[in-house]
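Participant: The structure under discussion is supplied below as structure tokens; questions concerning it will follow.
The values are calculated or read from the model by the stated rules, or taken from the named source; none is laboratory data. Remember, predicted model here, so these are calculated numbers, not experimental data. Neighbour counts run over all protein chains shown; Cβ positions are idealised from the backbone, glycine included. Ligands, DNA and RNA are excluded from the accessible area calculation, which covers all protein heavy atoms including side chains. Shrake-Rupley method; radii C 1.70, N 1.55, O 1.52, S 1.80 Å.
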Amino acid sequence: MPELPEVETVCAGLREQVTGLEIVQVTLNRPDLRVPFPDDFQKHIGGRKVVSVRRRAKYILLCLDDRQIIAIHLGMSGRITIIRADDPYVPQAHDHMILDMTNGVRVVLYDARRFGMVLLFHEDDMDSHPAFRNLGPEPLGNEFSGPFLKNILKGRATPVKQAIMDQRIVVGVGNIYACEALFMAGISPKKKSKDITLPMAQRLVDSIRDVLGRAIEAGGSSLRDYRRINGELGYFQHSFSVYDRENQPCPNCDCDAENTKGIRRIVQSGRSTFYCPVKQK
Ligand SMILES: [Zn+2]
């Protein structure tokens, strides 16, 4: 599943390639993904110019010159490919939406499992839109701080890992980055939210920012070929400390993997959690 760094990487590619271009034609190869495509989509966005590309949570926002916003969510398996005029386009079975832009640039949304979605709304309606109104702050923004996290976790019995993956608390912290950030902060994923102290909350905020920031940097620096931008994981999977490393020793840890069996895997809310029970308390 594309997580925040991958979505940010896709945004960077789109920003570079389609900002300032006009949408000439919209092709939809089916009526819906997880939800129907917007009504009269071609009529509403045809001829409009993309003035900026932003990200909110895991939505890619194409902001148009009449203040409409096209929001694209990649779901579980969505990928965006940008094809330039001199590149051949070989249609794939799950290419569900194609935006033909000026200069022959083509933006293709592929989504085999169709958990993704495409929304259209006016900029002024974004904050009250059902997809956005309950979202917590951006993990890399100023609002997300130690005191903010400590305060919002107060009184909650849910495990801290589940809490930081709750989009109403903070957006964009998916399973991989939750595991990595908790390891870095030295906090057990099983710890109750209400037991997180201010210093712990501060460490956790710093770790989330650090882990996501490094992943975005890794994605961005390997983005030389924008034709291949997509939502797939790939650039930084080799730098995980605990994720998907069951029974291996954790890095820079003085725990004895022979005795402690190294990194442990448990299941929380149906998702695998990887952590070092020695280092994370
Ligand atoms: Zn360890």
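Participant: Restricting to the stretch 36-64, and then to whatever is more than 18 Å from Pro130 (Cα to Cα) and open to solvent by 70 Å² or more (accessible area, probe 1.4 Å), can you tell me which residue is nearest to the chain's Cα centre (by Cα)?
Facilitator: Arg54
Participant: Specify the residue that is farthest from Gly172 (Cα to Cα); the eligible residues are those in the stretch 55-111 that are of a type in the set (Phe, Trp, Tyr) and in contact with a Lys or Arg (Cβ under 7 Å, 6 or more places away or on another chain).
Facilitator: Tyr89
Participant: Right, next: What residue, among those in the stretch 195-246 that are of a type in the set (Val, Ile, Thr) and outside any helix (DSSP H, G or I), is modelled with the lowest pLDDT?
Facilitator: Per the stated criteria, the residue is Ile229.
Participant: Which ones in the stretch 113-134 are touching a residue at least 24 places away in the same chain (Cβ under 8 Å) and either open to solvent by less than 40 Å² (accessible area, probe 1.4 Å) or not in a loop (DSSP other than H, G, I, E, B) (or both)?
Facilitator: Gly116, Met117, Val118, Leu119, Leu120, Phe121, His122, Glu123, Asp124, Met126, Ala131, Phe132
Participant: Ok, one more. For the stretch 257-274, enumerate the residues that are in a strand (DSSP E or B) and near the ligand (Cβ under 9 Å from one of its atoms).
Facilitator: Hits for the stretch 257-274: nothing passes.
Participant: Out of the strands (runs of 3 or more DSSP E) lying entirely within the stretch 1-78, which hold 2 or more residues that are in contact (Cβ under 8 Å) with a residue 60 or more places away in the chain and out of contact with any Phe, Trp or Tyr (no Cβ under 6 Å at 6 or more places or on another chain)?
Facilitator: 23-28, 59-64
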